[in-house]
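A short worksheet on the structure shown next.
The values are calculated or read from the model by the stated rules, or taken from the named source; none is laboratory data. Just so it is clear, the model here is predicted, and its values are computed rather than measured. Heads up, the Cβs are rebuilt from the backbone with ideal geometry, glycines too, and the neighbour counts pull from every protein chain shown. Quick note on the areas: whole protein, heavy atoms, side chains included, nothing else; ligands and nucleic acids left out. Shrake-Rupley method; radii C 1.70, N 1.55, O 1.52, S 1.80 Å.
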Amino acid sequence: MQSKGEVRRTKMLKRIKESGKATIAELMESTESSIATVRRDLEALEKDNKIIRTIGGAIYDEGSGRNAELAFADKRFVSKEGKERIAASAAALVEEGDVICLTGGTTTFLIAKALKHHQNITVVTNAVNIAAELFDAEGVQVVVTGGVMRHKSYELIGPLAESVIEKLNITKMFLGVDGASREHGFTTHSELEARIAQLFIARASQIYAVYDQTKLQKTALFTIIPYDQVTGVITDDLSDTN
């Protein structure tokens, strides 16, 4: 039998899920609770990876809490040598004057490291760890979208990020993915991250999916883009290149 708190949090989560987001005031009204109680419940739901807290409310994240999704810290050493080869190949495509987009991910993070000594390029990213990695790269201008950060991926998502992306023009985009298959295309665990990636894609002249062999023939919940609609793929599996 659920406790009163568990019943309240279940009701709160349902309310957030129905519309994708909710304000503290709306949650206070729907659960007939105080502002302090709502804030404690939101903190508990966030710790359980059910929602992402925002200033004044919360966003429902379809990808949160799924067992298949690992945090960045847990993924960064998986297939590290293969990812470093991918990063080197991606960096070799970058030319002076390019505006480069890097979505979040362990492979794109290594691409950022490989770009640190490039000159006269701009890197646009919605991943705060990638922006931090490039802070001392003198030849690289860094543009960071605003938004609310997903703790598992360090990616910024939400309306603020979307409004910034719609004003950008990108030369080459390097798309990090959670799964890659010809049937389902390039996929990710988070609907919110998929939405941001799709907006970046709409602003990019060239799109390269970057992933190691552990992602091959795997499918996450949300498709970002069909397999045949990218400019190319950069992977450590030679049987899966365009």
**Fill in**
Residues in the range 138-154 that are in contact with a helix residue (DSSP H, G or I) (Cβ under 9 Å, 6 or more places away or on another chain) and outside any strand (DSSP E or B) total 8
**Item:** Unmet requirement for Ile111, which otherwise passes all of (1) of a type in the set (Val, Ile, Thr); (2) assigned to a helix (DSSP H, G or I); (3) free of Cβ contacts under 8 Å to residues at least 40 places away in the same chain
**Value:** (3)
**Asked** Taking the range 25-56, which residues are assigned to a helix (DSSP H, G or I), within 25 Å of Lys152 (Cβ to Cβ) and not charged (D, E, K, R)?
**Response** Leu27, Val38, Leu42, Ala44, Leu45
**Message:** Restricting to the range 207-221, name every residue that is outside any loop (DSSP other than H, G, I, E, B), surrounded by fewer than 23 Cβ atoms within 10 Å (Cβ to Cβ) and not β-branched (Val, Ile, Thr).
**Reply:** Tyr208, Gln213, Leu216
**Item:** Members of the range 1-24 found to be touching a helix residue (DSSP H, G or I) at 6+ places or on another chain (Cβ under 6 Å) and not in a helix (DSSP H, G or I), listed by number
**Value:** Ala22
**Request:** Starting from residues that are in a helix (DSSP H, G or I) and in contact (Cβ under 8 Å) with a residue 60 or more places away in the chain, keep the ones in the range 155-200 and report whichever is surrounded by the fewest Cβ atoms within 10 Å (Cβ to Cβ).
**Result:** Glu191
**Complete:** Checked the range 39-57 for anything modelled with pLDDT of 85 or more and surrounded by fewer than 17 Cβ atoms within 10 Å (Cβ to Cβ); matches are Arg39, Arg40, Glu43, Ala44
**Message:** So Phe135 ticks every box in (1) assigned to a strand (DSSP E or B); (2) of a type outside the set (Lys, Arg); (3) surrounded by fewer than 17 Cβ atoms within 10 Å (Cβ to Cβ) but one. Which box is left unticked?
**Reply:** (1)
**Prompt:** Before we move on, is Leu13 closer than 23 Å to Arg195 by Cβ, touching a Leu at 6+ places or on another chain (Cβ under 8 Å) and at pLDDT below 90?
**Reply:** no
**Request:** Please find, among Lys152, Lys215, the residue that is out of contact with any Cys (no Cβ under 9 Å at 6 or more places or on another chain), of a type in the set (D, E, K, R) and more than 30 Å from Glu43 (Cα to Cα).
**Result:** Lys215
**Item:** Residues being charged (D, E, K, R), over 16 Å from Gly56 (Cβ atoms) and surrounded by fewer than 18 Cβ atoms within 10 Å (Cβ to Cβ) - total across the range 8-38
**Value:** 5
**Message:** Any residue at all in the range 178-192 that's of a type in the set (Asp, Glu) and at pLDDT below 90?
**Reply:** yes
**Prompt:** Consider Ala88 against the criteria (1) assigned to a helix (DSSP H, G or I); (2) touching a Leu at 6+ places or on another chain (Cβ under 8 Å); (3) open to solvent by 30 Å² or more (accessible area, probe 1.4 Å): it satisfies all of them except one. Which criterion is unmet?
**Reply:** (2)
